[in-house]
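The values are calculated or read from the model by the stated rules, or taken from the named source; none is laboratory data. All values derive from a computational prediction rather than experimental measurement. We place every Cβ from the backbone using ideal geometry, glycine too, and count neighbours over all the protein chains shown.
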């Protein structure tokens, strides 16, 4: 029996494949991209980054993608209520165009969520970074919808203890430090794919030499291949 | 009684009734004396607003405006479209309106007065169209009208049928001239309205307002007037200057800025709504005022930029965030050419950044103020003993402004795997500090 005609059918879904159209932005880490639907951080969706402590490289995991967005996309990269001051010289070193960086410092928690939602929804932000500490699934769903509406990459950095809580985010990863410059990334959830078990080990050196690194990692995927090899 | 509202009308009150008779019908009737000065002011602000539709606007007190629209028809997409726009605009401002289009100012005025909202294109049709109108549309002396009435003249058609020399004798030269102007037999030059060079409109509130949100309705009206006026001026603004007037001439000032110059009323209203939602009034407001003193030219090129690429009413994210959170809550980042790490950056206007490359190890997070580290056996600790991972970097600088520093910087890692940027003072107590986090 020939399976091909059946596999061609639109209503047959193959479990070992990511859905055909996940728009994503390469993370700059090839090994991670391989495990992400669309080959990178999903666009128009929330990505949740769960971690127990600062200082293990959560931002360094994002800087290659942010650098690329700041240079190609030209929309704002909006940081809502960052826990510390994003240090301008380090951002420049990482290849991020500072003229695309927008910092929002709301006074109240509620204003913070509002600002994240507005930024995601506006369509004028390529990425929105936020550090919400509340555990409110309604609010999270609103943010997910806003990210879809504004075609933005929403990155939420949240405490690891929330890993067990359900979340509407399209992607959830948990970070753990490893000896040296290592970072282990466990994918807890990815839309359009099974959660994958073994952690991915990445090297996120403190000294990034952003531009050089960005060039290197982007040459690995040809420009036309920006969105995904799975499309 | 000149006018009454719907509830009063439903109880039998109507215009033209003596006040005493009306009071007899409805004891709790509230009667306001007619305020000619306020009417004139309203007419003037409407003229300023109407200037966007025609550069030839004249006041025809007490309640009419004349607009020369021939030249505007193409620009606004024809008669029907233009009338609809004016009608909707007036409605949004809270006015009821009647309009008529005719080849002479007096004919248009007369038709509008009689609620004949129609378009008369040629002068030759004027006698036929105006004929059925009652004599009362003529802006004439009441005794003259009474005399005509006594002569059996009821309608304009009756009047126009009378021989011209007889009319001149009975009515006088002025009235004959009026009729000639009405029918377009002779020119009727108007005094053109000159819009003011700046916008300052004040609106008295019908009642004291204590909730800021309730101010939106009145302010919205002023914003619509302002944007109409800006349109006529071919100008735009970058800031709404609002004054909320309290008793005893006290005022609260509100400024609402936009990133890019604009005259889009919907955009301003949305920002205003955002701001009013969060505003706590210390005192009740009795009047609101809107000012625009600094006009910015909005040339055809920037119009394209605004009109085409941006939809009406769409608000820049920046403006929306600032309207709610305040200007200082929304900023950009810049590098500063400075050796001392804490001065090597600054906040900036979003989009306006200096970007100096740096090739040393710098953390992505900086602490607002360096934090002194605990030590154990003279060794720095942060949730455990820190392991210093890279060679030190010595930074000595700033002797010229007495904020000099002399420090040795290290990348350090604690037992649970977090990386920090720490330094040791080279002077004094040689204390250890945490200044950044390698996130």
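General remarks:
- Qualifying position, being at pLDDT 90 or above and either over 27 Å from residue B:182 (Cα atoms) or under 18 Å from the mean Cα position of the chain (by Cα) (or both), among B:65, B:46, B:26, B:59: B:46
- Against the conditions (1) more than 7 Å from chain B (Cβ to nearest Cβ); (2) free of Cβ contacts under 8 Å to residues at least 12 places away in the same chain; (3) touching a strand residue (DSSP E or B) at 6+ places or on another chain (Cβ under 8 Å), residue A:52 satisfies every one except (2).
- Selection count where residues are in a strand (DSSP E or B) and surrounded by fewer than 17 Cβ atoms within 10 Å (Cβ to Cβ), scope the range B:228-242: 2
- Enumeration of residues in the range B:76-93 that are in a helix (DSSP H, G or I) and over 17 Å from residue B:49 (Cα atoms): B:79, B:80, B:81
- Among the strands (runs of 3 or more DSSP E) confined to the range B:353-412, the ones with at least 1 residues that are buried (at least 20 other Cβ atoms within 10 Å of the Cβ) and within 12 Å of another protein chain (Cβ to nearest Cβ) are located at B:365-372.
- In the condition set (1) more than 44 Å from the chain's Cα centre (by Cα); (2) facing chain A (nearest Cβ under 8 Å); (3) in a loop (DSSP other than H, G, I, E, B), residue B:339 is compliant with all but (2).
- Number of residues in the range A:122-140 that are over 16 Å from the mean Cα position of the chain (by Cα) and under 19 Å from residue B:329 (Cα atoms): the value is 2.
- Scanning the range B:329-386 for residues that are in the same structural domain as residue B:404 (by TED's automatic domain parsing) and in contact (Cβ under 8 Å) with a residue 60 or more places away in the chain yields B:361, B:362, B:363, B:364, B:365, B:366, B:367, B:370, B:371, B:372, B:373.
- Considering the range A:93-112, and only residues there that are facing chain B (nearest Cβ under 7 Å) and over 19 Å from residue A:64 (Cβ atoms), the residue that is modelled with the lowest pLDDT turns out to be A:111.
- Of all residues in the range A:93-115 being free of Cβ contacts under 8 Å to residues at least 40 places away in the same chain and buried (at least 23 other Cβ atoms within 10 Å of the Cβ), the one that is nearest to residue B:334 (Cα to Cα): A:98
For every residue, the table says whether it meets (1) touching a helix residue (DSSP H, G or I) at 6+ places or on another chain (Cβ under 9 Å); (2) modelled with pLDDT of 90 or more; (3) within 18 Å of residue B:296 (Cβ to Cβ).
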position	(1), (2), (3)
B:198	no, no, yes
B:204	yes, no, no
B:209	yes, yes, no
B:214	yes, yes, no
B:227	yes, yes, yes
B:251	no, yes, no
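- In the range A:74-84, the residues that are touching a helix residue (DSSP H, G or I) at 6+ places or on another chain (Cβ under 8 Å), surrounded by fewer than 24 Cβ atoms within 10 Å (Cβ to Cβ) and at negative phi: A:75
- Residue match in the range B:199-213 (condition: on the phi < 0 side of the Ramachandran plot and part of a helix (DSSP H, G or I)): yes
- On the stretch given as the range A:118-144, residues that are touching a strand residue (DSSP E or B) at 6+ places or on another chain (Cβ under 8 Å), more than 10 Å from every other protein chain (Cβ to nearest Cβ) and over 18 Å from residue A:24 (Cβ atoms) total 6.
- Any chance residue A:57 is surrounded by fewer than 24 Cβ atoms within 10 Å (Cβ to Cβ) and either over 17 Å from the mean Cα position of the chain (by Cα) or within 11 Å of chain B (Cβ to nearest Cβ) (or both): no
- Residue within the range B:418-427 that is modelled with pLDDT under 90 and either assigned to a loop (DSSP other than H, G, I, E, B) or facing chain A (nearest Cβ under 10 Å) (or both) present: yes
- Out of A:115, A:90, sole residue that is within 10 Å of chain B (Cβ to nearest Cβ) and more than 21 Å from residue B:318 (Cα to Cα): A:90
- Any hit, the range A:73-87, residues being free of Cβ contacts under 8 Å to residues at least 40 places away in the same chain, within 19 Å of residue A:205 (Cα to Cα) and not in a loop (DSSP other than H, G, I, E, B): yes
- Members of the range A:169-198 found to be closer than 22 Å to residue A:26 by Cα, modelled with pLDDT under 90 and not in a strand (DSSP E or B), listed by number: A:181, A:191, A:192, A:194, A:195, A:196, A:197, A:198
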